[in-house]
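The values are calculated or read from the model by the stated rules, or taken from the named source; none is laboratory data. Keep in mind that what you see is a predicted model, and the values were worked out from it rather than measured. Because the Cβ atoms are built from the backbone with ideal geometry, glycine has one as well, and the counts that use them run over all protein chains shown. For the accessible areas, the whole protein counts, side chains as well, though only heavy atoms, and no ligand, DNA or RNA atoms are used. Shrake-Rupley method; radii C 1.70, N 1.55, O 1.52, S 1.80 Å.
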Amino acid sequence: MVLLLLMLVSALVQAETGEQHAQAAAHGLIGTPAPRLVLKTIDGQTIDLASYYGKKAVYLKFWATWCVPCREQMPHLKHVYEQAGSDMAVIAVDVGFDDTVEDVRRYRSEMGLKMPIVFDDGSVGEAFHLRVTPQHVVIGRDGRILYIGHEANAKLDAALLAARKSASPNTVAAAAVNDSEVADKQLPNLAVPTLSGITFQLDAANNHPTVLVFMSPWCETYLAQSRPAVAASCRAVREQVTALSRDDHVRWLGVASGLWAGKDDLRAYQQEHHLTMPLALDDSGALFRRFRVMHVPTLLVFDAQGKLVQRIEGVDAQLGDELKALSAI
């Protein structure tokens, strides 16, 4: 019993906290010019972030309706918006991960939120290295990223105050982020590092069908109460993939979101469920974004020539037969 308690304490100590995830996002960003992004709110309004640089501070709050700490911090966000004044723009950015615009509208009405709300397609999160929910990004009046954090605490409040005073005659802004609205329909010639250290080559050089399994190691547990249907779908897909991935006529790659997850989390998930397919942590969200995946679980099926032939969200009971047919071509 004592040994079990010691192991549990050790696991809790080793687990990355939300703030550690936020600081990983902050690495290399603090003090740099903020990206020039044009955002669109769920009400159809356009926000040009670059137009604020040099004039007012900007506070971006990344959140999700299913996120418990996001809900707990919502009164703080409401207070900041109500007290912002003319020298700070406050924008709520739903991360778009396993959420819908309808979910966001419903929650806005429930909470009486008045600030602009953006439903991210992944581009805003990518630009600010999104790693956790909530994630706070504070941009000073000089257009530089001043603060990134997870907690709604005194440090955040101090950053919000300092951001209003950081005006500089030499306002800077990073280049605009190019964004393609079209998801990849063909496997790119891209080498993806996996947890084992072996590189998975995405292109279709070996003439086998390929299945990319977009997933999250916490989906089955964390969403069990807030999104039980999604959690059940994640479990069912994991069980289906575990069985089907034994077929060596099809290439499989599990692509895990880096949101609220690190390599240790993914390794623990792999070991717990005895997953044999290679796993890759998409810590920057580049693959999720490249293929326009906004929900887990999502499976992308490519034929032997690397062409996307099927996009599946959830369980497809006929997947085994469909893969056999693809392999026979």
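Numbers below:
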item: Viscosity 1.002 mPa s, 20 °C: Kirkwood-radius Stokes-Einstein D of the chain over Cα pairs, µm²/s; result: 101 µm²/s
item: Antiparallel DSSP beta bridges within the stretch 16-109, percent to nearest 5; result: 30 percent
item: The stretch 61-108: relative contact order as a whole-number percent, Cα under 8 Å and 6+ apart; result: 55 percent
item: Of all DSSP beta bridges in the chain, antiparallel share, percent nearest 5; result: 55 percent
item: Solvent-accessible area, 1.4 Å probe, carbon plus sulfur percent, for the stretch 224-320; result: 49 percent
item: Neighbourhood net charge (12 Å Cβ-Cβ; Lys/Arg +1, Asp/Glu -1) for E110; result: +3
item: Rounded to 10°, Cα long-axis angle of helix 101-111 versus longest principal axis of the chain; result: 40 degrees
item: Accessible area per residue, Å², the chain with all protein chains present, probe 1.4 Å; result: 48 Å²
item: Distance histogram in 10 Å bins (all Cα pairs of the stretch 59-163, percent per bin); result: 15, 52, 30, 3
item: On Cα atoms only, tilt of 228-244 relative to the major axis of the chain in degrees; result: 40 degrees
